[in-house]
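Structure, as structure tokens:
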Amino acid sequence: MPTWEIEDKIQGAVCGVDEAGRGPWVGPVVAGAVMFLTRDINPEILKNIDDSKKLTTKKRERLYELLLQEAQKGNLTYGIGEAGAEEIDTLNILQATFTAMQRAVQKLNPQPQHALIDGNRLPATFACAASCYIGGDAKSYSIAAASILAKVYRDNLMKEMALKYPGYGFEKNAGYGTKEHIDGLKKLGITPEHRKSYKPIKEFVDKAV
């Protein structure tokens with residue numbers, strides 16, 4: 001379970017950063033950044049927050065709402081950054097993820113002095129000092145909160161995309177390569193939101209030509 005240990009070790013204005021959506025074949029990669037401005041946080045958040053992938057959809061959505069409430073109270077600041085399919089195809093998914101992270105951190109007010117990034121790679125340049133932590137969303141409250149915001153925000157985006165592009169099951173698969181998604185591709189072709197540099201989509205486009 002996450003703690004304040006990493007934040008306490010670094011001290012100062014520290015934010016957590018995590019992403020959602022590197023694996024899907026369609027839609028943006030989304031990054032969340034969270035900086036707690038006080039430790040006086042709703043106990044329900046601290047008791048239940050964890051790596052977003054370990055939480056049920058219902059619990060994630062509940063924590064998402066609670067985190068937004070804490071932001072309204074001024075207890076935390078957060079930012080959401082996106083990099084779309086075209087940027088992913090141009091930059092590659094890793095660099096597009098770093099771009100989304102930069103955009104998320106830039107929205108924090110005040111700006112952090114240090115960013116805790118989930119994973120094992122750091123951007124070549126960042127607006128502040130940064131360090132990475134494998135499995136950070138299970139170690140740091142700040143990273144775990146960023147993980148939940150990024151995941152739920154992206155899931156909501158994919159539900160909206162499902163209304164615009166019905167037939168692929170985006171509201172259920174979030175853009176991953178499920179049978180329904182593949183069946184939709186076979187029947188309807190690709191959308192402007194598909195990542196053409198991803199092998200399954202590239203192969204589908206090549207076959208369609």
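The values are calculated or read from the model by the stated rules, or taken from the named source; none is laboratory data. Since the structure is predicted, the reported quantities are computational estimates derived from the model, not experimental observations. Don't worry about glycine lacking a Cβ; one is built from the backbone with ideal geometry, like all the others, and counts go over all protein chains shown.
Take the conditions (1) among the charged types (D, E, K, R); (2) closer than 18 Å to Tyr141 by Cα; (3) in contact with a Lys or Arg (Cβ under 9 Å, 6 or more places away or on another chain); Glu82 misses just one of them, which is (2).
Taken over the range 126-164, the criterion of being outside any helix (DSSP H, G or I) and touching a helix residue (DSSP H, G or I) at 6+ places or on another chain (Cβ under 8 Å) is satisfied by Phe126, Ala127, Cys128, Ser131, Tyr133, Lys139, Ser140. Residue under question is Thr77, and the condition is that it be of a type in the set (Ser, Thr, Tyr), in contact (Cβ under 8 Å) with a residue 40 or more places away in the chain and either farther than 13 Å from Ala146 by Cα or in contact with a Lys or Arg (Cβ under 7 Å, 6 or more places away or on another chain) (or both); does it hold? Answer is no for this residue. Scanning the range 106-147 for residues that are surrounded by 18 or more Cβ atoms within 10 Å (Cβ to Cβ), polar (S, T, N, Q) and in contact with a Phe, Trp or Tyr (Cβ under 9 Å, 6 or more places away or on another chain) yields Ser140, Ser142.
Candidates in the range 165-189 are the residues that are farther than 17 Å from Ile93 by Cβ and assigned to a loop (DSSP other than H, G, I, E, B); of these, the one that is modelled with the lowest pLDDT is Gly189. Inspect all residues belonging to the range 70-79 and state whether any of them is of a type in the set (Ser, Thr, Tyr), farther than 17 Å from Tyr141 by Cβ and buried (at least 22 other Cβ atoms within 10 Å of the Cβ). Scanning the range 70-79, I find no residue that is of a type in the set (Ser, Thr, Tyr), farther than 17 Å from Tyr141 by Cβ and buried (at least 22 other Cβ atoms within 10 Å of the Cβ), so the answer is no.
Residue-by-condition table, conditions (1) aliphatic (A, V, I, L, M); (2) out of contact with any helix residue (DSSP H, G or I) (no Cβ under 7 Å at 6 or more places or on another chain); (3) surrounded by 13 or more Cβ atoms within 10 Å (Cβ to Cβ):
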{"position": "Glu5", "(1), (2), (3)": "no, yes, no"}
{"position": "Cys15", "(1), (2), (3)": "no, no, yes"}
{"position": "Ala20", "(1), (2), (3)": "yes, no, yes"}
{"position": "Glu44", "(1), (2), (3)": "no, no, no"}
{"position": "Lys58", "(1), (2), (3)": "no, yes, no"}
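Whenever a residue of the range 124-136 is under 22 Å from Pro110 (Cβ atoms), its partners that are loosely packed, with under 14 Cβ neighbours inside 10 Å and modelled with pLDDT of 95 or more, lying with C-beta atoms within less than 7 angstrom and at least six residues away or across chains, give the pairs Ala127/Gln106.
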